[in-house]
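Everything below concerns the one structure shown next.
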Amino acid sequence: MLRALLSLFGCAKPPAALKERNYKPEADDTKPDQQTVFELAYSLLKAKTEALLTNDQALLSQEYNSLQDCDVLETVDAAEHTNNAGKNRYVNVLPFDYNRVKISGEDGQDYINASLVQVWRACSGFT
């Protein structure tokens, strides 16, 4: 998928270390022309993108406007605190209080604009 996405946007090819793995269903009826998971994801992404770009991009505008109407239910109080406002690179990219990274320091001095991001590792699950 990475290679396909990069080529879609006209970017350079990814390094050989990022080769795609073939998806093999659990059943024994594997077909030689079995799509990889990445090819399937790419085809779905491409179809969705093409659908959004039809009709003078009306569907794309509609989806974009629906995203803007979403309410954020999480708080960003630490990021908006007057002592921490200067530590934010962008005024509209703030870490949620529930998953922000806290640095060592006294209460009120433990802020950095960073969020904990969980990554899936194939061998061990989320880390």
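The values are calculated or read from the model by the stated rules, or taken from the named source; none is laboratory data. Since this is a predicted model, take the numbers as computed values, not measurements. Using ideal geometry, Cβ is built from the backbone for each residue, glycine included, and neighbour counts are taken over all protein chains shown.
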- Query: Looking at THR36, is it at pLDDT below 85 and in contact with an Asp or Glu (Cβ under 8 Å, 6 or more places away or on another chain)?
  - Reply: yes
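Would you pick out the residues in the range 97-117 that are among the hydrophobic types (A, V, I, L, M, F, W, C) and assigned to a loop (DSSP other than H, G, I, E, B)? Outline the logic, then answer.
Taking the range 97-117 first, the residues among the hydrophobic types (A, V, I, L, M, F, W, C) are 101, 103, 112, 114, 116-117.
ILE103, LEU116, VAL117, listed by residue number.
In the range 45-95, which residues are of a type in the set (Gly, Ala, Ser) and either touching a strand residue (DSSP E or B) at 6+ places or on another chain (Cβ under 8 Å) or more than 29 Å from GLU106 (Cβ to Cβ) (or both)? Please lay out each step first, then the result.
Residues of the range 45-95 of a type in the set (Gly, Ala, Ser): 47, 51, 58, 61, 66, 78-79, 85-86.
If the condition is that a residue be of a type in the set (Gly, Ala, Ser) and either touching a strand residue (DSSP E or B) at 6+ places or on another chain (Cβ under 8 Å) or more than 29 Å from GLU106 (Cβ to Cβ) (or both), then ALA47, ALA51, ALA58, SER61, SER66, ALA78, ALA79 are the ones that fit.
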